[in-house]
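Step one of this worksheet: look at the structure below.
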Amino acid sequence: MRDQRDFESASAQLERRGASAPVLRDIQESWERSVLAGVSPGLASAPLVFKEDALAFARETSDWCGLAESVLTPQLEVVQGSGHVLTLFDADGRMLCSAGDPFVLEQLDDIHFIPGSDWSEAAAGTNGPGTALATGKAVHVVGSEHFVAAWHPWHCAAVPIRGPGNELLGALDVSGPTQRADPRILQLARMLGVTVEQALLARSYRRQSLVLSRYAELTARYSGDALVALDAQGRVLQSTSIASARGLPERLKIPPGVTGLSAPPPQARWLEGASVYPVMDGAVRIGACLVSRESKPTTRRATAVPPSQVRYRFSHLVGAGLANAVSLARSAASTPMPVLLLGESGVGKEVFAQSIHAESPRRTAPFVAVNCAAISRDLLESELFGYVGGAFSGAKSEGAIGRIEAANGGTLFLDEIGELPLPAQAALLRVLQERVVSPVGSAETRPVDVRLISATNRKLDEAVAQGRFRLDLLHRLNVIAVDVPALRERMADLPELVEHLSRTIEQETGLAVKLTDEVREALGRHTWPGNVRELQNVLSRLAVLGRERPVTVKDLPFTPAPASAGGVNHQMQHLLDVIHSAKNMAEAAEKLGINRSTLYRQLERLGLKPGRTAKS
């Protein structure tokens, strides 16, 4: 154990660098805590407590860490230039990240001053971040002031990081070789700590505004009821006069995933059964709104939404270019696994979804399709999850079941799932995990059994990186991914597809699609940005025009590319021709049979700037 002579040596060093009596006392008390914790002064390195996966999880759950890294990045040059490293620790003293002088980082690796290591006083004795966390104060520990001898070649200037509510979040530390110790390093650490805390405060105000915005929406929907808005720590931000009159605790913690309050604190027993509406900022829950209904909602259920009639089978998916996608989809059909259909607009993702359902064990149960992009965000939750009578202004008095419950026992197809708002993503994730659904305006949960098929024309991994889509939900959806190729990628299938669609049009309308060789050749030179949907629209147009006379190339709604033009070149020219012939981009997209966002992405892929003139 360290003896009195060791501490006298450390005290002498403190006196040489002009440390005050309180600082001397802090170090002495830290040494005493280290002795009581049983820390060995002969420790060679700090214990490693996090492996890679656990470290990633710790960083994710330390919500402040990512923001701190972003605001500290501009300061790294100063830290690195002075021969130091900058590190962040959670409230338990475990290092979350490090950056700075590469040579110093390499040397510190020997004592495990690296992410995933434990530098709390109880694990590593007196040291900058550990002692800052233990005392709640800024500290500068230099050389032999460390309790463990192996730390003596280093000095650490650390400050605790506190959240907007003064809660201890962790510590920030600037460390380097002892010979570089300088009082200004502690000043630097203090300045960096203030920068982080100011950024956290600014984010707190922004998040509070998000919670209060949701609260305002709910008060308009549930006028006359008791509502409470809470921040992430459970502090009451706002409440209606009814709620305030009944009494509220200072804090009301809501466990993750709870949609109904079953055990409120004694000061607020009246909140039992209140509905919980979580408020999200990306994948982080930043607060919640509670709604306690004045009158108990009716539990009578409305008639289920009639399931869509399944009209497609795998036999409708023609062409060798679809063989791989069809084979994988057929294999998936016999399983209960979620399927994610990937492909551009118009490639036939719903045909795949219906075909999977038609060959699944659930074929006699409902198939319910929902286009997530076509439903107003304000109504999306009630459409998906249903609602009870009087849940919001304009709601049916008897309530209604949602699309998810309507698909019970069968298949739920969520098209354009990339457009699903984050709050709805969180609610959908709970449905998939717990297999229950909670109607809007009710704390009741109802069991559901649905097979989920989803589809998107977006790159969901990019949406995750941008904070617009939940990674945990993507993992739930992306069990069996089926890539449906664009029509331009399987142009060898075009003749067979034209014949198939022509027969379908004649069966449904009685109009024959009669094509000359010249027209067929022109169809083969088009790159079909709207995919199969665009082809079907073109053939339907030609069927109508061909009732009185033979159709010609001039009847096509696009200008065929010259026979010598390459695929990309004539696709570019076709897009430009359509854009220039349209009044605006919305009309151009409509002519192509695609939505505007798909048109923009196709322009960007071709190196064109989205806009009315589509300049390169």
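General observations
- Relative to the Cα centre, the charge distribution of the stretch 431-575, modelled as +1 at Lys and Arg Cβ and -1 at Asp and Glu Cβ, gives a dipole magnitude of about 260 debye.
- Taking the Kirkwood radius as Rh and the Cα radius of gyration as Rg, the stretch 112-160 has a ratio of Rg/Rh equal to 0.92.
- From the alpha carbon centroid of the stretch 200-240 to that of the stretch 61-107 is 34 Å.
- Restraint check, 137/253; 349/514; 459/514, Cα-Cα greater than 30 Å: 459/514
- Charged neighbours of residue 333, selected by a Cβ distance under 12 Å, balance to +4 (K, R count +1; D, E count -1).
- The modelled label-to-label distance for the pair residue 99/residue 241, using points 7 Å beyond Cα in the direction of Cβ, is 5.1 nm.
- Multiplying the residue separation of residue 373 and residue 67 by 0.36 nm and subtracting their alpha-carbon distance yields 107.1 nm.
- Extension gain, residue 199 back to residue 508 (0.36 nm per residue minus Cα-Cα distance, nm): 105.1 nm
- In sequence order, calculated HN-Hα J values of the stretch 187-197 (Karplus, 6.51, -1.76, 1.60; Hz; x Gly/Pro): 4, 4, 4, 4, 4, 5, x, 5, 4, 5, 5
- Heavy-atom accessible area ranking, 1.4 Å probe, most first, across 270, 64: 270, 64
- Stretching the chain fully between residue 122 and residue 481 yields a gain of 124.4 nm (0.36 nm per residue, less the alpha carbon separation).
- Distance between the pseudo-spin-label points of residue 432 and residue 462 (7 Å out from Cα toward the beta carbon): 2.1 nm.
- Accessible area in the full protein assembly, largest first, 1.4 Å probe, for 335, 61, 527: 61, 335, 527
- Candidate aspartates and glutamates for bridging to residue 583, where Cα separation is under 17 Å - those fewer than 8 sequence places away on the same chain excluded: none
- Phi-based couplings in Hz for the stretch 61-71 (Karplus 6.51, -1.76, 1.60; Gly and Pro marked x): 7, 8, 4, 7, 5, x, 5, 4, 4, 5, 7
The values are calculated or read from the model by the stated rules, or taken from the named source; none is laboratory data. All values derive from a computational prediction rather than experimental measurement. All Cβ positions, even for glycine, are placed from backbone atoms using ideal geometry, and neighbour counts span all protein chains on display. Heavy atoms of the whole protein, side chains included, go into the accessibility calculation; ligands, DNA and RNA do not. Shrake-Rupley method; radii C 1.70, N 1.55, O 1.52, S 1.80 Å.
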